[in-house]
1. How big is the dipole moment of the chain about its Cα centre under a simple scheme where the beta carbon of each Lys and Arg is +1, that of each Asp and Glu is -1, and everything else is neutral? Debye, nearest 20, please.
2. To the nearest 20 debye, what is the magnitude of the charge dipole of segment 447-515 about its Cα centre, counting +1 on the Cβ of each Lys and Arg and -1 on the Cβ of each Asp and Glu?
3. Which value, to two decimals, describes the C-alpha radius of gyration of segment 119-212 once divided by 2.2 N^0.38 Å?
4. Which of the three applies to segment 337-469, rounded, prolate or oblate, going by the alpha-carbon gyration tensor with a ≥ b ≥ c and a/c under 1.5 meaning rounded?
5. Computed on alpha carbon atoms, what radius of gyration and Dmax characterise segment 180-235, expressed in Å?
6. Near Lys131, which aspartates and glutamates are there with a Cα under 13 Å away, not counting those fewer than 8 places off in the same chain?
7. With every protein chain present, what is the per residue accessible area of the chain (1.4 Å probe, Å²)?
8. Please give the FRET efficiency for Arg368 paired with Ser442, using the beta carbon to beta carbon distance and R0 = 25 Å, rounded to the nearest 0.05.
Amino acid sequence: MDYNVLIGGSAGQGMDTVSQLFEKILQRSGYYVFSNKDYMSRIRGGHNFIQVRFSNQQVQGHRLNPDLILAFNQETIDIHAPKLMGKGHMLGDQSLKSDSEHLIGLPLHETAKTLGNPKTFTSVALGALVKYFGLNPAVGHQVLKERFNGLAPINQQAFDTGYDAAQTTVTLPAATAKDQILINGNEAIALGAIAGGLTFYAAYPMTPSTSVMDYLSEKQNAAGFVVEQAEDEIAGINMALGASFAGVRAMTGSSGGGLSLMTESLGLAGIMETPLVVVNVQRPGPATGLPTRTEQSDLSFLLTASHGEIPRMIIAVRNPEDAFYQTARALNLADKYQMLVLLLNDQYLADYKMTVPAFDFDKISIERHIADGSDLSPEEIYKRYKLTENGLSPRMLPGKVKNQIVITDSDEHDEYGHITESADVRVAMMQKRMNRLELLKSDLEEPKEFGLTSPEYLLVGWGSTEGAIAEATGLLQANGYSVGSLVFGDVYPLPERKLMAKAATAKKIINIEQNFTGQLAKLIRQETGIHCTPSLLKYDGRQITAEDIVKRFKEEVMRHE
């Protein structure tokens with residue numbers, strides 16, 4: 001069982017409200033849910049739509065063709081009716097027109113006006129939707145009560161009217177999902193940061209990263225940390241860097257041009273050897289690009305962002321559950337290696353909601369690596385950048401150890417932190433800093449593996465393409481193809497063990513990315529010498545689906561066999 005409901009209209013018509021309520025009803029009824037948004041960069045008007053896919057089995061991505069359309073305007077009918085699956089239907093106000101016999105017109109607006117509040121037409125529509133799938137209306141009543149508080153009674157009345165006006169057309173199988181939460185990628189990053197001991201978050205709003213800051217801001221008083229909306233992205237990263245130098249766990253985040261503005265301070269974090277986690281929620285560029293769309297086009301940029309060379313780690317989150325645990329891990333790794341960790345998300349994963357197992361906070365540990373000065377003799381002067389055998393200097397916090405001063409600088413410096421132009425010291429400091437990349441290899445996580453262990457065709461991808469790649473792998477196997485896949489979370493330094501093992505026997509390695517130049521494929525070739533041929537790339541601002549991958553695999557890979 002697998003249903004895909006498309007809710008469409010123009011911005012400001014209440015689609016988000018109906019979608020959120022319907023998703024909660026499904027989740028509380030025990031179904032697995034995946035919902036994604038397609039929205040324009042405008043506050044009102046334009047054509048937007050949300051797809052809510054649900055099943056009694058886990059779903060990891062969206063699909064293109066709807067089984068049911070809930071239309072809030074005529075444009076939704078005109079655009080999406082040709083995509084309707086088989087015996088699917090369209091629900092909408094009785095004023096909407098279609099040549100299709102699949103349109104079910106209901107008195108949504110008339111009912112709302114009769115109730116004395118035209119805005120309640122969304123609750124009328126929700127009631128009809130719940131009745132269409134034979135869901136329990138009591139769950140709908142509870143969700144409306146939680147959402148609308150004092151306005152709940154009139155919305156519940158509207159819901160009942162819509163429920164009574166519709167008919168149950170689909171009989172759903174028994175629900176199987178238990179202990180599932182419904183959450184999106186940015187909320188999961190924020191929760192992972194809280195669980196990982198975040199103390200300070202500074203950022204400037206920029207779509208689609210803003211909801212990380214919004215969520216943290218809502219929770220800061222209850223959880224006991226500070227969120228600062230900076231005047232710009234440069235101020236945001238420098239505030240976070242200063243806070244980290246002082247000893248608190250700090251993060252910042254942005255998207256697109258905001259990350260571009262931060263690049264000088266990425267280098268500052270590197271030469272200061274100060275822990276910092278930076279969240280980049282990718283969107284299509286260059287410049288303003290497509291601010292409400294998705295892409296994976298910042299990888300090559302972030303591999304070298306900053307003048308000069310610094311150690312860094314890049315982690316791409318793959319789904320909301322992964323985002324939670326990887327954010328807490330990123331904070332620990334930044335602390336352990338006194339370095340910059342870049343956490344990559346994108347608009348698709350930032351905004352889509354998915355049912356995942358409830359997060360286990362007991363799996364999260366907060367690991368600090370702070371020197372207390374106990375190893376120093378009374379006459380010894382602390383060396384912030386001491387040359388050590390493993391390349392990690394003891395990190396002491398300013399003002400915490402009596403008679404010791406912590407000196408740092410953006411210029412090259414000696415072991416004490418004093419500015420130097422010595423060639424020998426420069427070489428020693430560069431080697432010490434860059435040695436972290438070698439040390440970090442012991443903490444790298446190999447990519448997730450799907451499908452056959454020794455496939456003829458190996459699909460590779462990273463980040464939010466995981467769901468589509470995993471589903472496509474299963475579909476291709478069901479069609480008789482020998483397929484396996486690897487989806488990277490740790491992207492740099494690149495984990496190589498699984499990739500090298502599978503590449504040794506695979507007939508072809510097919511790269512799947514949301515960018516124009518195949519940035520992961522370039523990194524793989526750079527680090528391992530392995531060539532991915534061909535690359536299945538998508539860069540129109542819309543997320544690739546399992547259906548896309550299967551179709552293009554057959555057309556672009558198998559036609560040459």
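1. Numbers: 52 positive and 65 negative charges, 213 e Å.
Computed charge dipole of the chain: roughly 1020 debye.
2. On the way: 6 positive and 7 negative charges, 46 e Å.
Computed about the Cα centre, the dipole is about 220 debye.
3. 1.49
4. Working: a/c = 2.81, a/b = 2.03, b/c = 1.38.
Judged from the Cα gyration tensor, segment 337-469 comes out prolate (a/c at least 1.5, a/b above b/c).
5. That works out to 11.3, 38 Å for Rg and Dmax.
6. Straight-distance partners of Lys131: Asp160, Asp164.
7. Values: 22880 Å² over 561 residues.
Spelled out: the 1.4 Å probe surface of the chain, per residue, equals 41 Å².
8. In this case the efficiency is close to 0.85.
The values are calculated or read from the model by the stated rules, or taken from the named source; none is laboratory data. Fair warning: this is a prediction, and the values are worked out from it, not measured in the lab. No Cβ is skipped: glycine too gets one built from the backbone with ideal geometry, and neighbour counts run over all protein chains shown. Accessible surface areas use protein heavy atoms only, side chains included; no ligands, DNA or RNA. Shrake-Rupley method; radii C 1.70, N 1.55, O 1.52, S 1.80 Å.
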